[in-house]
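Comments concern the structure below.
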Ligand code: HEM
């Protein structure tokens, strides 16, 4: 590939273009590094974005963004300083998990025993769908067309009269 | 409360079903005895504090030998977080709901023991189950309102374990009040109804245990006690005994009825029950998982709102869809073609709302689908009611209001139920507003400065502090809300510091309209200069439909219960 590039003269004929491009890229990388090092303006909303995903490690089921204790104030301050230091949201979350354990996140990580929690909905849905199917198969054997007293139609067709007659007879016993 | 419910239940059995009476008395009394045992010997609210001369302290109702009574100095009063009007009614409502479900359970046990194959136990249980369900609903909604007013996180439901513990019997109870309709109308689901009431009763006891024992980390954990083992034994015994009874009568309880077709009303009820049971399984797993993980890994995992929202969201969507379809189905057989014919018009009209929403506020897919389901359910239910009214007006030559009133009164089960559904739809509207369209910001402002959230401008104009006679140090801000230069409201977000408790309680400032709430929490301020104040502002679209929906739901449930029919009582 590189040899082909040589053959087609990218390095030779268009050498000046390539130099320009490389220069630009170097500049971009440097700029990004400088930006990562200078403290960014971190807003309370940035902090809350992360704090709302973390549970206070010492309180009763409260997320850090709304927890009123002094300890939570300090943890919010820790989030601020890490954001200012250029940490990503995920890195900060991981930091809290390392410090206080996986219980600080409201969505347990998909590992080990936690899979049990994630299996409940799909397995439950499948099991119930199967149960429903079996009931329907067993119980819909004979398709009896019953006169329907509570049938409703948006076109106001025949069953409505029966419905009305029923209402008037006040026949709503269970 | 429980003894009152049992007394009323027994009285009813006495009048209507003498064969059931001894068994209803026995089941009610065993349940009552269990709770009295706990109150008398484990968690006695009347116990006093006694001390020996060598300084040992005991709690007991009667005086232990060689002790003297200690009078503690004046208490600190009720936890400040609980000083909310809703809290006066919230616990009794939940417990009235819990107590109410004991009666249908007792009748179910009575029916099983006496070996009856009919639906009499359900006929007597229906108003009880609906009443208990209504109380439970009121209790849950008041708890939500308390959280919204006091906890200061801009939401009404945090999927906290104690909240979920109260929701679980509500879910199985809702499944039960639907499935019993199918047995009454079609002689189906006979065994299933027993399963559901047994489950609901056990979940009631389980819910009380979770709330009162303090085994779960919860913002609602205001008590801790040693009632765990006793509850565990009681729940296990009840569950095993009632299941054994059911298995004993299993063969007898053959459902004679047939399901019409996949698209019939009874199938809709079947799907309804499957979805409620799926929700029940999800909630039970979410509540129990922290305890399971603690046993196996030593870490009590947190199962937070995000997990619940991801897993329950689609199931609630399914319920809304069913609610939209069910008025168009019929008992017996409804063919796909027939149902399709009835559905196309409301489906087409209902699509207007999601399309408009997408156009106005972008492609928020979750919100768009939810709004479509809500519109469909509302439209079909309203069509149904409207149709009945119009037909009555024509056939009986009645005025609109008379016809409307009579439609609701004459067929109060059906239209009470549909009113409940309209309430559910409104609640769903509030939920969608907050879950999919909520915006928020937290900013620190100096006096005179303003922040912008969506189209609202909130200007911080003043902050003052004062001491109240009931021991609160109040810090109160003044904020003006305007839009397009027009002043809409002035609100006062507050923070009350309770000296005795060393605890702050937020009182958010709110501007409420049918379209939205602007909910402002006073987060922090400079103690001496009070010049810079931090506010957390939430814009909660449609939230007030949640509260309105709750009221409609309760009114619908009351209508569905109806007044006792004099003629029926006299003839019986
Ligand atoms: C959160 C969701 C729901 C709630 C809270 C709810 C609640 C209720 C209540 C309280 C009643 C009155 C029952 C009575 O009169 O005994 C009722 C009636 C009814 N519900 Fe629901 N429901 C929900 C969802 C559904 C769904 C998904 C279906 C679909 C099958 C459904 C179908 C019905 C029907 C057809 C009635 C009228 C029964 C009659 O004709 O007497 N409901 N509902």
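A few notes on this one:
- Segment residue B:58-residue B:16, length gained on full extension (0.36 nm per residue, minus Cα span): 10.2 nm
- For the range B:338-469, the Stokes-Einstein estimate of translational diffusion at 25 °C and a viscosity of 0.890 mPa s comes to 130 µm²/s, using the Kirkwood hydrodynamic radius over alpha-carbon pairs.
- The protein assembly as shown: C-alpha gyration tensor shape, a/c 1.5 cut-off, then a/b vs b/c: oblate
- Segment residue B:439-residue B:466, extension gain: residue separation times 0.36 nm, minus the distance between their alpha carbons: 6.5 nm
- Each of B:439, B:18 was scored by other Cβ atoms within 10 Å of its Cβ. Listed from fewest to most, they are B:18, B:439.
- Residues residue B:499 and residue B:30, FRET efficiency given R0 of 41 Å [Cβ-Cβ distance, rounded to 0.05]: 0.30
- The smallest convex shape that holds all Cα atoms of the range B:440-546, its convex hull, gives 108 Å³ per residue.
- At 0.692 mPa s and 37 °C, Stokes diffusion of the range A:44-107 via Kirkwood alpha-carbon radius, µm² per second: 288
- Reciprocal of mean inverse Cα separation for the range B:88-334 (Kirkwood radius, Å): 19.1
- Rounded to the nearest 0.05, the FRET efficiency derived from the C-beta distance between residue B:39 and residue B:191 at R0 = 41 Å is 0.70.
- Between the range B:109-160 and the range B:337-391, the alpha-carbon center distance in angstrom: 29
- Stokes-Einstein D for the range B:1-143, Kirkwood Rh over Cα pairs, 37 °C, 0.692 mPa s (µm²/s): 182
- At R0 = 60 Å, FRET efficiency that the Cβ-Cβ distance of residue A:77 and residue B:349 yields, to 0.05: 0.70
- Fraction of the pair-distance distribution of chain B above 31 Å, Cα-Cα pairs, percent: 57
- Sorted by Cβ neighbour density within 10 Å, fewest at the top, the residues B:454, B:120, B:517: B:454, B:120, B:517
- Projecting label points 7 angstrom from Cα along Cα→Cβ for residue A:95 and residue A:131 puts them 4.7 nm apart.
- Semi-axis lengths, Å, the range B:230-340, gyration tensor of Cα atoms, sqrt of 5 times eigenvalues: 35, 25, 8
- Directionally averaged shadow of the range B:129-266, computed from the convex hull of its alpha-carbon atoms, nm²: 10.5
- Average other protein chain Cβ within 10 Å of Cβ, residues A:97-106: 4
- In whole percents, the pair-distance distribution calculated for the range B:76-145 from its alpha-carbon pairs, binned every 5 Å from zero, is 4, 17, 20, 15, 12, 10, 8, 6, 4, 3, 1, 0.
- Fewest-first ranking of B:347, B:62, B:355, B:380, using other Cβ atoms within 10 Å as the exposure measure: B:62, B:355, B:347, B:380
- Helix-only mean residue ellipticity at 222 nm for the protein assembly as shown, each DSSP H run of n ≥ 4 adding -39500 (n - 2.57), per residue, nearest 500: -19500 deg cm²/dmol
Bear in mind that the values in this text are calculations on the coordinates, not laboratory data. Values in this document were obtained by computation on a predicted structure and should not be read as measured data. Ideal geometry is used to build each Cβ from the backbone, glycine not excepted, and the neighbour counts take in all protein chains shown.
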